[in-house]
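Notes follow once the structure below has been shown.
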Amino acid sequence: MVEDNAVHAEIIRRHLSKAAGDRLTLSEVDCLKDAFQSLATSGIDAVLLDLSLPDSEITETLPRFIEAHDDVPVVVLTSLNDLDFATQAVQQGAQDYLVKSDLGGELLLRSIRYAIERKKTQDKLESYAVELQRSNEHLKAFAHTVAHEVKSPLTAVSACLQMLEQDHRDKFDDDRWEIVRTAATAARGMAQVVNDLLDFSRIGGGQQNFETVDLETAFYQAYAAQRPAIKQSGAVVTHDALPHVRGNEVQLRQLLINLIGNAIKYRSDRSPEIHVGCDEGDDQWTVTVRDNGTGIAAENCERIFEAFVRLQHADRIPGSGIGLAICKRIVENHDGRIWVESVPGEGSTFLFTLPKITGAS
Ligand code: ADP
């Protein structure tokens, strides 16, 4: 107990002694300096901390304590029956707060016990989170290295096969020619997987290079990137006015390229019509990419966002199954959500949300 008011200290001592007897050992100091000394030498399980101390200002006591000893659970004692103040204490890292005028033995004891348990759980969660992040980073680095290492021999294989395809048709009979063509197509497919994997591994967590991005410009750039496919398929691509958002321009452009590209790739017999729309919510935008393509069965609507999941067209339409996983990672990196609504045979609408920047549209 860190308490400089002798009367308050006496009340707490009595309450605790009555409620816990000798199940609890109370160690008492009356200033922050002595508290630190005591924590350095003895095995303290939890601290009852008065905020107004002779050697510390009321607003500074908790931050100073947490900075020096974030390994010990703290229950803040306050005379202020002020919820805002208490909430602030908990946000700063206190496990609980007790208003001195409401103290009772059972309440004190329960609060101390919960503080100890809560702190243990919190520490465990924190170490899991650190571990998870580390293993994610390792995995990403591993995927990147593998893709990178595979890329150069694969480029050589692809180049050789392409030379055979382009310049040596006359040296092969039909059966052997078919083998060359199959190998060349497979090599192209592998090159796409490797490139997509490299893209996937590059989209880091963390909001690097975030700036104000004009989504409409990103749309025009995505349109330009897909122009050959749009032309070849005769697709009509329309769009609503699109907002400014905070984000990574390269990633947001990639997101639109992938979604528009898929809307063209997975077209039906109808001439493709694609609309990029946008709805304004209170604190987020919902952008939609709607097509009149093949549609997706309900049971596949979630799994297509996993890496390497491809549906029925896998053999007919080139792809790696990574495009939507990239989209998901990009959207989540922007604190948004992505999903699809679809009617098989009629078309699909991919929707993603992005937080609004206050004061911009
Ligand atoms: P890829 O296009 O390389 O196969 P994606 O991750 O982009 O990989 O898509 C995963 C699967 O989701 C695709 O193989 C396809 O079956 C399905 N899909 C994606 N977009 C659409 C769409 N607009 N319409 C119908 N199916 C789609």
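Of everything in segment 214-237 that is among the small types (Gly, Ala, Ser) and not in a loop (DSSP other than H, G, I, E, B), the residue that is farthest from the chain's Cα centre (by Cα) is Ser233.
Assessment of segment 70-86 against the conditions (small (Gly, Ala, Ser), modelled with pLDDT of 85 or more and either touching a Cys at 6+ places or on another chain (Cβ under 8 Å) or surrounded by 14 or more Cβ atoms within 10 Å (Cβ to Cβ) (or both)) yields no matching residue. Looking only at segment 16-24, decide whether some residue is among the acidic types (Asp, Glu) and closer than 20 Å to Asp4 by Cβ. Within segment 16-24, none of the residues are among the acidic types (Asp, Glu) and closer than 20 Å to Asp4 by Cβ.
Could you tell me whether segment 195-207 includes any residue that is under 28 Å from the mean Cα position of the chain (by Cα), closer than 21 Å to Leu324 by Cβ and of a type in the set (Asp, Glu)? Yes, that holds for at least one residue.
Look through Glu249, Glu211 and report the one residue that is buried (at least 17 other Cβ atoms within 10 Å of the Cβ) and under 22 Å from the mean Cα position of the chain (by Cα). Explain how you work it out, then say what you get.
Working: Glu211 fails: buried (at least 17 other Cβ atoms within 10 Å of the Cβ).
It is Glu249.
Evaluated against (1) of a type in the set (A, V, I, L, M); (2) within 26 Å of Glu126 (Cα to Cα); (3) within 38 Å of the chain's Cα centre (by Cα), Ile58 falls short on exactly one condition, (2). Listed by first and then second residue, the pairs with beta-carbon distance under 9 Å, at least 6 apart or on different chains, first residue in segment 1-20 and within 15 Å of Ser101 (Cβ to Cβ), second among the hydroxyl-bearing types (Ser, Thr, Tyr), are Asn5/Ser52; Asn5/Ser79; His8/Ser79.
For segment 320-343, give me each residue that is on the phi < 0 side of the Ramachandran plot and more than 16 Å from the chain's Cα centre (by Cα). If the condition is that a residue be on the phi < 0 side of the Ramachandran plot and more than 16 Å from the chain's Cα centre (by Cα), then Ser320, Ile322, Gly323, Val340, Glu341, Ser342, Val343 are the ones that fit.
Can you go through Glu57, Glu67 and tell me which one is surrounded by fewer than 21 Cβ atoms within 10 Å (Cβ to Cβ) and modelled with pLDDT under 90? Steps first, answer last, please.
Values: Glu67 fails: modelled with pLDDT under 90.
Glu57 is the lone residue from the list that is surrounded by fewer than 21 Cβ atoms within 10 Å (Cβ to Cβ) and modelled with pLDDT under 90.
I'm checking my understanding of the structure. Among residues of segment 35-70 that are in contact with a helix residue (DSSP H, G or I) (Cβ under 8 Å, 6 or more places away or on another chain) and of a type in the set (D, E, K, R), which one is farthest from Ile12 (Cα to Cα)? The residue in question is Arg64. Is it the case that segment 157-165 has a residue that's modelled with pLDDT of 90 or more, hydroxyl-bearing (Ser, Thr, Tyr) and part of a helix (DSSP H, G or I)? Taking every residue of segment 157-165 in turn, at least one turns out to be modelled with pLDDT of 90 or more, hydroxyl-bearing (Ser, Thr, Tyr) and part of a helix (DSSP H, G or I).
Which of the residues spanning segment 99-151 are small (Gly, Ala, Ser), under 26 Å from Asp84 (Cβ atoms) and surrounded by 14 or more Cβ atoms within 10 Å (Cβ to Cβ)? Hits for segment 99-151 are Ser111, Ala115.
Inspect all residues belonging to segment 283-292 and state whether any of them is modelled with pLDDT of 95 or more and among the basic types (Lys, Arg). Yes, segment 283-292 contains a residue that is modelled with pLDDT of 95 or more and among the basic types (Lys, Arg).
For segment 331-361, name all the residues that are among the aliphatic types (A, V, I, L, M), over 16 Å from Ser268 (Cα atoms) and modelled with pLDDT of 95 or more.
To start, the set of residues in segment 331-361 that are among the aliphatic types (A, V, I, L, M) comprises 331, 338, 340, 343, 351, 354, 357, 360.
Checking which are over 16 Å from Ser268 (Cα atoms) leaves us with 331, 338, 340, 351, 354, 357, 360.
Matches in segment 331-361: Val331, Ile338, Val340, Leu351, Leu354.
Just a yes or no: is a residue in segment 194-202 more than 14 Å from the ligand (Cβ to nearest atom), surrounded by fewer than 20 Cβ atoms within 10 Å (Cβ to Cβ), among the aliphatic types (A, V, I, L, M) and at pLDDT 95 or above? The answer is no, given that none of the residues of segment 194-202 is more than 14 Å from the ligand (Cβ to nearest atom), surrounded by fewer than 20 Cβ atoms within 10 Å (Cβ to Cβ), among the aliphatic types (A, V, I, L, M) and at pLDDT 95 or above.
The values are calculated or read from the model by the stated rules, or taken from the named source; none is laboratory data. Because the structure is a prediction, the values reported are computed rather than measured. All Cβ positions, glycine included, derive from the backbone under ideal geometry; neighbour counts span all protein chains shown.
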